[in-house]
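The values are calculated or read from the model by the stated rules, or taken from the named source; none is laboratory data. Quick caveat, the model's predicted, so the values are computed rather than measured. Cβ: placed from backbone, ideal geometry, glycine included. Neighbour counts: every protein chain shown.
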Amino acid sequence: MKQATIIGSGLVGSLWAVYLSKQGYKVNVFERRTDMRKAKISAGKSINLAMSFRGWKALDEMGIGDEIRKISIPMYGRTMHALDGKTTYQPYGINNQAIYSVSRGDINCKLMDIAEREGNTQIKFSEECIGADLKNGTVDLKNTETGKLSEHTSDVVFGTDGAFSAIRYNAFQKTDRFTYSQNYIEDGYREILLPANADGSYKLEKNTLHIWPRGRFMLIALPNFDGSFTCTLFMPFENHEHCFNNLTSKEKVNNFFKSVFPDFFEMMPNIADAWEDHPLSSLAIIRCFPWTNGKAALMGDAAHATVPFFGQGMNAGFEDCSALYSLMKKHNENWTEIFKEYEVIRKPNGDAVQDLSMLNYIVMRDKVADPVFLLQQKVERRMAELYPGNYFPMYSMVSFSDIEYQVALTKGKEQDKIILDLILQNNITNDTSPENIDKFIHRSFGEKIKN
């Protein structure tokens, strides 16, 4: 029987186990941690995830999308909270397009259940990868509870064990000409769980992503099913008027929220008491190449860890699964050929999603409150409505299509210039009538399409 080994039972590893088992593989998944399903997981344990088109495509490909939809909440746009408490709303797409809030813990547990249910998959916990023979498909393991050493050999091996991948560190990084970089951004994050009202209702509008943009930093909130919101403060560690290293006492935490997020403080006056419920964490972008060696391949964050500002980390990892599955069919499960093409087509997209994530951080923390940017968004949205088959905003290309990330990045930058030129050449302002905006768009963009 065909055998596959997966290191890491996280989101990508669990989904990839479903793909492989449905193709007739006996799958062994080795996970360093204990079984998270046996521990109580708070909704606020980790950054809530935003499922979008690419993720749904991979899940639906295996017929399991509807099971995940049951544990996800649609968010149809972003609601900005200004310093004075006023809110503004920006829809994400057209025709009620949405991204979906899902708890990392909930979806991971569900995918592990599905993996064990759907085929011949065994998940073995407390098994740490301490080395591997990539050429022969052998992984060396150590049981974290007993200290027992073992090895496991299979036809093919996949490293899906996250940004700080053990198989990448203990095997790939010890091979000749393996290129690797790990770059921390200046900002970190801390999570805050905003509880529901006493009657279980939401303190904020449920079906939207909430953002408190403050120029150099921001607070965001994503809804949970129990009426709470998982909130995340992204902010510099140091060297800024407002930074994590300055918030060294409950008094300073209270004063910070009172002055910078006053409406949030009103909803959660005990913020200082909850401040250390979740750790202060750092954010890194990790790039490496090659992604394959011998019988082994890296997937998801192990290959292209990114920062969370476009909500594409999980979606990009799930798209790795979909891409590999397509190549399995194309090359009739000739893994040498599959791996060769996989890293060539996916590496540029892994780099692009990292660049897109950093670009969107600037948008979320700063530009969403900028009148010029909002005007650009208004005009771009109208262009997408008037020419739905010919014009796709960058956000839509990334979140509501499977257009390659590298294409979305390049085309998005080109389109930004087109929109800005259109605004400047026609002196469009917020007072310009919708009829005139339509006329300018038809005259400029319509001609480009004809030509």
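Things worth noting here:
- Across the stretch 160-179, the number of residues qualifying as in contact with an Asp or Glu (Cβ under 8 Å, 6 or more places away or on another chain) and on the phi > 0 side of the Ramachandran plot comes to 1.
- Scope the stretch 101-128; condition small (Gly, Ala, Ser) and either under 30 Å from residue 206 (Cα atoms) or surrounded by fewer than 18 Cβ atoms within 10 Å (Cβ to Cβ) (or both); matching residues: 101, 103, 105, 126
- Listed by position, the strands (runs of 3 or more DSSP E) enclosed by the stretch 180-293 that each have at least 2 residues that are under 30 Å from residue 135 (Cα atoms) are 281-289.
- Sole residue being crowded, with 18+ Cβ neighbours inside 10 Å and in contact with a Leu (Cβ under 9 Å, 6 or more places away or on another chain), chosen from 50, 98: 50
- Where residue 190 falls short, out of the listed (1) out of contact with any Gly (no Cβ under 9 Å at 6 or more places or on another chain); (2) farther than 22 Å from residue 273 by Cα: (2)
- Unmet requirement for residue 332, which otherwise passes all of (1) farther than 18 Å from residue 17 by Cβ; (2) modelled with pLDDT of 90 or more; (3) assigned to a helix (DSSP H, G or I): (3)
- For residue 63, the conditions (1) part of a loop (DSSP other than H, G, I, E, B); (2) surrounded by fewer than 17 Cβ atoms within 10 Å (Cβ to Cβ); (3) modelled with pLDDT under 95 are fulfilled apart from (3).
- Hey, residue 136 within 30 Å of residue 228 (Cβ to Cβ), more than 25 Å from the chain's Cα centre (by Cα) and among the polar types (S, T, N, Q) or not: no
- On inspection, residue 254 does not qualify as under 30 Å from residue 155 (Cβ atoms) and over 24 Å from the mean Cα position of the chain (by Cα).
The rows are residues; the columns are (1) touching a helix residue (DSSP H, G or I) at 6+ places or on another chain (Cβ under 7 Å); (2) in the same structural domain as residue 292 (by TED's automatic domain parsing).
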{"position": "174", "(1), (2)": "no, yes"}
{"position": "189", "(1), (2)": "no, no"}
{"position": "195", "(1), (2)": "no, no"}
{"position": "198", "(1), (2)": "no, no"}
{"position": "201", "(1), (2)": "no, no"}
{"position": "210", "(1), (2)": "no, no"}
{"position": "217", "(1), (2)": "yes, no"}
{"position": "221", "(1), (2)": "no, no"}
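- Taken together, 270, 255, 293, 245 contain a single residue that is surrounded by fewer than 16 Cβ atoms within 10 Å (Cβ to Cβ) and in contact with a Phe, Trp or Tyr (Cβ under 7 Å, 6 or more places away or on another chain), which is 245.
- Selected residue (only one of 134, 149, 141 is touching a strand residue (DSSP E or B) at 6+ places or on another chain (Cβ under 8 Å), surrounded by fewer than 16 Cβ atoms within 10 Å (Cβ to Cβ) and assigned by TED's automatic domain parsing to the domain that holds residue 291): 149
- Exactly one residue out of 90, 3 is among the polar types (S, T, N, Q) and either crowded, with 18+ Cβ neighbours inside 10 Å or modelled with pLDDT under 95 (or both), and it is 90.
- Hey, residue 158 crowded, with 20+ Cβ neighbours inside 10 Å, of a type in the set (Phe, Trp, Tyr) and touching a residue at least 12 places away in the same chain (Cβ under 8 Å) or not: yes
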